[in-house]
Amino acid sequence: MTADTMTADTHYATLDSPVGQLLLTADPSGVLTSLSVPGQKNGRTVQEGWHHDPDLFRAAGEQLTAYFAGELKEFSLELRGEGTTFREQVWAALDSVPYGATTTYGEIAARIGASRAAVRAVGGAIGANPLLILRPCHRVIGADGSLTGYAGGLERKTRLLALEGRPAVGQGWG
């Protein structure tokens with residue numbers, strides 16, 4: 001769902017974290033539809049008519065807290081990001097990048113059977129990921145090992161990768 005298509009059936013909660021306050025949204029059954037951070041490019045903001053429902057997000061909060069404490073390496077939450085078939089393929093490929101590892105845009109393109117020319121489109125799909133942290137787009141780096149764009153900001157990307165045991169910029173990414 002985009003911010004424009006989220007409806008009054010949208011439930012939300014916020015959670016403090018080491019990378020800022022997280023805004024989580026879900027449908028009424030508790031399926032997570034977004035996780036945004038302050039200042040995020042195309043991030044969500046609470047809309048009139050949304051339902052504040054912290055209890056619906058108890059499992060997500062517990063897992064995120066454990067992740068930030070270094071105690072959880074893989075989330076087991078039901079997620080649904082709505083996008084084109086191509087975007088959903090890219091997002092599924094992101095889900096397969098393990099904790100503490102990085103991959104490149106080209107490797108994601110190859111995983112989904114897209115041509116090398118599709119790397120820009122892969123980058124666009126990764127940038128449109130509505131479920132930051134939970135769907136690990138922060139684990140995607142440039143082909144040369146450099147940190148590249150992150151909707152939540154490069155400082156957050158650096159912090160998330162450091163949390164997962166990746167070295168500082170310029171010290172052996174990849």
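(i) 45, 34, 26; (ii) 43, 37, 30; (iii) 63, 54, 31: which one is Cα extents along the principal axes in Å as calculated from this entry?
Only one listed value fits the structure, namely (i).
Ordering His52, His138, His11 from largest to smallest accessible area (1.4 angstrom probe), what's the sequence?
Per-residue accessible area, sorted high to low, gives His52, His11, His138.
With every protein chain in place, what's the accessible area of Val19 (1.4 Å probe, Å², nearest 10)?
Accessible area, nearest 10 Å²: 10 Å².
Test of understanding: what is the full-extension gain from Asn42 to Arg58, defined as 0.36 nm times their sequence separation minus their Cα-Cα distance?
Result for the pair: 3.3 nm of gain on full extension.
Students often get this wrong: which residues of the range 114-154 have the backbone nitrogen under 15 Å from the point 7 angstrom along Cα-to-C-beta of Ala101?
Hits in the range 114-154 for Ala101 at 15 Å: 136-141.
Please calculate the 1.4 Å probe accessible area of Arg111, with all protein chains present, and give it to the nearest 10 Å².
120
Quick one: ranking Trp91, Trp50 by accessible area, 1.4 Å probe, largest first, what do you get?
Ranking Trp91, Trp50 by accessible area, largest first, yields Trp50, Trp91.
Return the distance in nm (one decimal) between the two label points of a simple spin-label model at Thr85 and Ser115, each offset 7 Å from Cα along Cα→Cβ.
Reported label-point gap for Thr85 and Ser115 is 1.8 nm.
Give me the accessible area of Tyr12, 1.4 Å probe, in Å² rounded to the nearest 10.
About 40 Å², ignoring ligands and nucleic acids.
The values are calculated or read from the model by the stated rules, or taken from the named source; none is laboratory data. Treat the numbers as computed from the prediction; the structure is a model and nothing was measured. Here the Cβ is made from the backbone with ideal geometry for all residues, glycine too, and neighbour counts use every protein chain on show. The accessibility values were calculated without ligands, DNA or RNA, using every heavy atom of the protein model including side chains. Shrake-Rupley method; radii C 1.70, N 1.55, O 1.52, S 1.80 Å.
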